[in-house]
Amino acid sequence: MKPLVVFLSLFVVLVSSFAAEQRPPNILFAIADDWGAHAGAYGTPWVKTPAFDRIAKEGLLFTRAYTPVAKCAPSRAIVITGRYAWQNEEAGNHMAYFPAKLKSWPEVLMEKGWNMGITGKGWGPGVANDANGKPRLITGKPYNKRNAPAPASGMSKNDYAANFTDFLDAAPKDKPWCFWYGCFEPHRGYEYESGVKKGGKKLSDVDRIPGYWPEDDIVRNDILDYAFEVEHADDHLARMIAELEKRGELDNTLIIVTADHGMPFPRCKGYAYQDSNHVPLAIRFPGGLTKPGRIIDDFVNFTDIAPTILDYAGIAEKDSGMMPITGKSWRPILESEKSGRVIAERDHTLIGKERTDVGRPHDWGYPIRGIVTAENLYLKNYEPTRWPAGNPETGYLDTDGSPTKTLILEMGRKDRSDKFWQLNFGMRSAEELYDLSVDADCAHNLAGESVHTERVKQLRERMETELKSQNDPRMFGNGKIFDEYPATNGAGFYEKFMRGEKMNAGWVSPSDFEKEPIKQP
């Protein structure tokens, strides 16, 4: 009898071990709101991000990670579908109705038995209902009960880390879990001078102001206030990491840390330049990393997140019920031992936008498509007679209100030829080309110079070939469809405002509105 008992005991142990080995890793997906590629790991001296830096040091740090669209809702739609904005119909716009036929990877995980939770911001702003009009848990079950005093006015009281603990406490032990940490910071508004007065920072910490903003202490304070909110997001990430360590789950958790797009400043959020679409990205997963501590120079973008999550969850795309995914899993990069460029084909990314806010006549957007390589950023502006930041008389609604915005607008009111007003709010040419090796700020457009004609042609053709393969409506003469999709908030803003109706535009300042339309040059 004893040998049989011993055999059965060993069998149970072996089966349990095999099941443990076969079980996919837990997943912590952290996405901040409006955080550009500013972190200690990237050499930024005016912001401290020890948690992000740890993920990078013990995992991978990506230097060329991009969102294809630098605005919240379309960017996050790309994250959860694995498809470019121009493939996502209404969800390619900001403040959109999310198509019922577009399934998200969090919904797939829940269907497959995963415990999927979220705290903070998921997809939005917009409306995401199913075919019967019922609200969808498009990024998981909410965990938002815990609050704590906000370090500064304008910041959320959400105690993200405590809500993560609640999620872990409620998670079934026999199921894998995935948690979406959607920090609202560093989205505006900011408490002015909070970086100095509450964060212990000094104006001299800001080592460099981008060439598209004026050298001014107002701008430096604005940057440091932004940094203070980035650090708040990082603090909660640190607490989540500590909680996983305490529970012995850290090394069996795939951690992805990023942000939806660049900082909420003029010529960044809502635009299509390097500082608009370039985002932070670090990944830690000891069980799946062949060689941690590497710096990766491959071009990756948000279409890759869905296939990566499905890959590590052990779910085949064909079994997911999702619309065809355009991106590719990052597993080959994680399992490589190489640093720098790992996959030769990852030598570029596509970017662009459609309507990223209301405020233009007829709710028109400012359509752009672009391509970024190691050397260049090329943009095609399809409607260059429209105001790129939104109409002046309706407050340039595509740019969030801020001290920096106010300063530049005042400079423009004194002189419409002012360099900074032109760079941030002036009209654009139909094509733009920038040499990123010497002009990462994208402040000097080379597209009109004859010496660059061939380069412009090559990049345009390469971009359009890829867009056609993705069935971008704009490549087939149907780009107007994006202007025709209804907005969930502020529809008809321009016409109503010009009729004298009182409109809600809480994301800009009252002084942002020009007293009368500006004559186009």
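Considering only residues of segment 107-146 that are buried (at least 20 other Cβ atoms within 10 Å of the Cβ) and of a type in the set (D, E, K, R), which is farthest from residue 170 (Cα to Cα)? Top of the filtered list is 121. Just one of the listed residues (459, 423, 433) is farther than 28 Å from residue 494 by Cβ, part of a helix (DSSP H, G or I) and under 25 Å from the mean Cα position of the chain (by Cα), namely 459. Tell me which residues, restricted to segment 124-149, are under 19 Å from residue 259 (Cα atoms) and either out of contact with any strand residue (DSSP E or B) (no Cβ under 9 Å at 6 or more places or on another chain) or of a type in the set (S, T, N, Q) (or both). Once the filter is applied, which keeps residues that are under 19 Å from residue 259 (Cα atoms) and either out of contact with any strand residue (DSSP E or B) (no Cβ under 9 Å at 6 or more places or on another chain) or of a type in the set (S, T, N, Q) (or both), segment 124-149 yields 124, 138, 139. For segment 186-197, the set of residues classified as over 19 Å from residue 159 (Cα atoms) and touching a residue at least 40 places away in the same chain (Cβ under 8 Å) consists of 192, 194, listed by residue number. Of the candidates 251, 275, the single residue that is open to solvent by 10 Å² or more (accessible area, probe 1.4 Å) and farther than 30 Å from residue 220 by Cα is 251. Name the single residue, out of those in segment 209-230 being among the charged types (D, E, K, R) and surrounded by 24 or more Cβ atoms within 10 Å (Cβ to Cβ), that is farthest from residue 184 (Cα to Cα). For segment 209-230, the residue satisfying everything is 222.
Is there a residue being of a type outside the set (Phe, Trp, Tyr), surrounded by 24 or more Cβ atoms within 10 Å (Cβ to Cβ) and part of a strand (DSSP E or B) anywhere in segment 147-162?
Looking for residues that are of a type outside the set (Phe, Trp, Tyr), surrounded by 24 or more Cβ atoms within 10 Å (Cβ to Cβ) and part of a strand (DSSP E or B), one finds none in segment 147-162, hence no.
What are the residues in segment 273-321 that are among the small types (Gly, Ala, Ser) and within 21 Å of residue 105 (Cβ to Cβ), if any? Of everything in segment 273-321, those that are among the small types (Gly, Ala, Ser) and within 21 Å of residue 105 (Cβ to Cβ) turn out to be 282, 287, 288, 306, 313, 314, 316, 320, 321. Residues satisfying the criterion are present in segment 443-452 (criterion: open to solvent by 30 Å² or more (accessible area, probe 1.4 Å) and within 21 Å of residue 347 (Cα to Cα)). Among the residues of segment 35-49, is there at least one that is open to solvent by 10 Å² or more (accessible area, probe 1.4 Å), touching a residue at least 24 places away in the same chain (Cβ under 8 Å) and not in a loop (DSSP other than H, G, I, E, B)? Yes, segment 35-49 contains a residue that is open to solvent by 10 Å² or more (accessible area, probe 1.4 Å), touching a residue at least 24 places away in the same chain (Cβ under 8 Å) and not in a loop (DSSP other than H, G, I, E, B). Residue count for segment 453-481 satisfying the condition of being out of contact with any helix residue (DSSP H, G or I) (no Cβ under 7 Å at 6 or more places or on another chain) and open to solvent by less than 20 Å² (accessible area, probe 1.4 Å): 3.
Please go through segment 387-427 and give me each residue that is open to solvent by 30 Å² or more (accessible area, probe 1.4 Å), touching a residue at least 12 places away in the same chain (Cβ under 8 Å) and over 16 Å from residue 218 (Cβ atoms), ordered by number. Within segment 387-427, 416, 427 meet the criteria. Cβ contacts < 8 Å: first residue under 24 Å from residue 154 (Cα atoms) and polar (S, T, N, Q), restricted to segment 208-226; second residue surrounded by fewer than 16 Cβ atoms within 10 Å (Cβ to Cβ) and modelled with pLDDT of 95 or more, any location; separation 6+ or different chain. Result? Correct list of pairs: 221/203. Count of segment 72-131 residues, restricted to those that are in contact with a His (Cβ under 8 Å, 6 or more places away or on another chain), outside any loop (DSSP other than H, G, I, E, B) and touching a residue at least 60 places away in the same chain (Cβ under 8 Å), is 4. Identify, please: which residue in segment 482-521 is free of Cβ contacts under 8 Å to residues at least 24 places away in the same chain and under 22 Å from residue 381 (Cβ atoms) and is, among those, surrounded by the fewest Cβ atoms within 10 Å (Cβ to Cβ)? Checked segment 482-521; the qualifying residue surrounded by the fewest Cβ atoms within 10 Å (Cβ to Cβ) is 519. Restricting segment 50-61 to residues that are out of contact with any Pro (no Cβ under 8 Å at 6 or more places or on another chain) and open to solvent by less than 30 Å² (accessible area, probe 1.4 Å), which is farthest from residue 330 (Cα to Cα)? By that ranking, first place goes to 51. With respect to residue 490, is the statement that it is at positive phi, at pLDDT below 95 and either in a loop (DSSP other than H, G, I, E, B) or not β-branched (Val, Ile, Thr) (or both) true? Taking the combined requirement at face value, the residue satisfies it. With respect to the conditions (1) out of contact with any Lys or Arg (no Cβ under 9 Å at 6 or more places or on another chain); (2) open to solvent by 10 Å² or more (accessible area, probe 1.4 Å); (3) more than 25 Å from residue 81 (Cβ to Cβ); (4) of a type outside the set (A, V, I, L, M), residue 267 lacks only one, and its number is (2). Listed by first and then second residue, the pairs with beta-carbon distance under 6 Å, at least 6 apart or on different chains, first residue in segment 163-185 and over 30 Å from residue 227 (Cβ atoms), second outside any loop (DSSP other than H, G, I, E, B) and among the hydrophobic types (A, V, I, L, M, F, W, C), are 171/177.
Restricted to segment 239-285, and to residues there that are assigned to a loop (DSSP other than H, G, I, E, B) and either at pLDDT below 95 or hydroxyl-bearing (Ser, Thr, Tyr) (or both), the residue that is farthest from residue 406 (Cα to Cα) is 273.
Among the residues of segment 300-311, which ones are in a helix (DSSP H, G or I) and open to solvent by less than 10 Å² (accessible area, probe 1.4 Å)? Matches in segment 300-311: 302, 303, 304, 305, 306, 308, 309, 310.
Summed over segment 172-182, the residues that are in a loop (DSSP other than H, G, I, E, B) and buried (at least 17 other Cβ atoms within 10 Å of the Cβ) give a count of 1. In the set (1) in a loop (DSSP other than H, G, I, E, B); (2) more than 30 Å from residue 511 (Cβ to Cβ), residue 428 fails one condition alone, (2).
The values are calculated or read from the model by the stated rules, or taken from the named source; none is laboratory data. Keep in mind that this is a model prediction, so the values were computed, not measured. Quick reminder, even Gly has a Cβ in these numbers, built from the backbone with ideal geometry, and neighbours come from all protein chains shown. Ligands, DNA and RNA are excluded from the accessible area calculation, which covers all protein heavy atoms including side chains. Shrake-Rupley method; radii C 1.70, N 1.55, O 1.52, S 1.80 Å.
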